[in-house]
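The values are calculated or read from the model by the stated rules, or taken from the named source; none is laboratory data. Computed from a predicted model, the values in this text were never measured in an experiment. Cβ placement follows ideal geometry from the backbone for every residue including glycine, while neighbour counts extend to all protein chains displayed.
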């Protein structure tokens, strides 16, 4: 394992119970075109219980770069991100999600972009696409379609809060001075809130598609429903923190100073959402058709639309449960 004393940059990965995919991500970082002695990898573990520590220890001796594991109590991604960033020795930090498999030039392209744009406020958005090694189920392909849409719009949507940290690099000093994550519960939108705050501090985002990462995240109806529900349940954190028209409209809220027209528009949007996305339509139409698409290829053309309705239903269910003071009740699926 390479000496960690001096590095051109640090790769920070926050993880929680993603041992197998994470190990593949670490192997991909061993195949970088940049010499492994020039970068380090810092794993910030959010209290994993899947044997991560022993798996990383077994892998570390064969890696060409310095690998360090920062172990934390399970307090959510914001806390783990902050601990990982603080532990990085490099002034340049590349944040990768634990399910991003780096193309061979990812690290070198991030480094090149920062050398061409040395201003402290410049951050680099790397390219993202779905992994070709994901399963070929109809539901997975629908999930791929939804995720690719997010990736295509990521750079344009950052202005409105679509700040993703799956493949992003920055100067550590700028992040520490103006940012760092709110230490909220999982899936609470801490990255969206940080994006708004950093933009206010002068952040400039530049994209570099050649810093490519492959998103390898297998999906099922259970995994999507639980993540959507949790995101809805915890969304009040960033709704309360970001007082903008974009956020208010998305969550059916209005400013105290809003006029009749604005309140009417929000009301119509909420009514249409309830009409299209509700318990009855989800149980009798959306979920049966999504399951049926695995057996009947003729239904697959509908799956992207159905996937969006499915995701929206569970997000709204979490949102409503939180607003009504109910406990967090994750959806249960037989599969």
Discussion item. Being surrounded by 24 or more Cβ atoms within 10 Å (Cβ to Cβ), touching a helix residue (DSSP H, G or I) at 6+ places or on another chain (Cβ under 6 Å) and either outside the structural domain of residue 29 (by TED's automatic domain parsing) or not in a strand (DSSP E or B) (or both) is the filter here; which residues of region 92-113 pass it?
Written reply: 98
Worksheet item: When residues of region 291-305 are filtered for being surrounded by fewer than 21 Cβ atoms within 10 Å (Cβ to Cβ) and assigned to a helix (DSSP H, G or I), how many remain?
Response: 10
Worksheet item: Among the listed residues 68, 31, 75, 38, which satisfies the condition of being under 19 Å from residue 131 (Cβ atoms) and either in the same structural domain as residue 111 (by TED's automatic domain parsing) or over 19 Å from the mean Cα position of the chain (by Cα) (or both)?
Response: 31
Practice prompt. Determine if region 47-64 includes at least one residue that is buried (at least 18 other Cβ atoms within 10 Å of the Cβ), modelled with pLDDT of 95 or more and not in a loop (DSSP other than H, G, I, E, B).
Written response: no
Practice prompt. Report, by residue number, each residue of region 15-46 that is without any contact (Cβ under 8 Å) to a residue 60 or more places away in the chain, within 12 Å of residue 67 (Cβ to Cβ) and in a helix (DSSP H, G or I).
Written response: 23, 26, 27, 36
Worksheet item: Going by the structure shown, is residue 143 more than 21 Å from residue 28 (Cβ to Cβ), in contact with a strand residue (DSSP E or B) (Cβ under 9 Å, 6 or more places away or on another chain) and touching a residue at least 40 places away in the same chain (Cβ under 8 Å)?
Response: yes
Worksheet item: Among (1) closer than 27 Å to residue 87 by Cα; (2) at pLDDT below 95; (3) touching a strand residue (DSSP E or B) at 6+ places or on another chain (Cβ under 8 Å); (4) buried (at least 16 other Cβ atoms within 10 Å of the Cβ), where does residue 204 come up short?
Response: (4)
Practice prompt. Among the residues of region 199-225, write down those that are touching a helix residue (DSSP H, G or I) at 6+ places or on another chain (Cβ under 8 Å), touching a residue at least 60 places away in the same chain (Cβ under 8 Å) and in a helix (DSSP H, G or I).
Written response: 221, 224, 225
Worksheet item: Checking residue 171 against (1) more than 13 Å from residue 213 (Cβ to Cβ); (2) out of contact with any strand residue (DSSP E or B) (no Cβ under 7 Å at 6 or more places or on another chain), which test does it fail?
Response: (2)
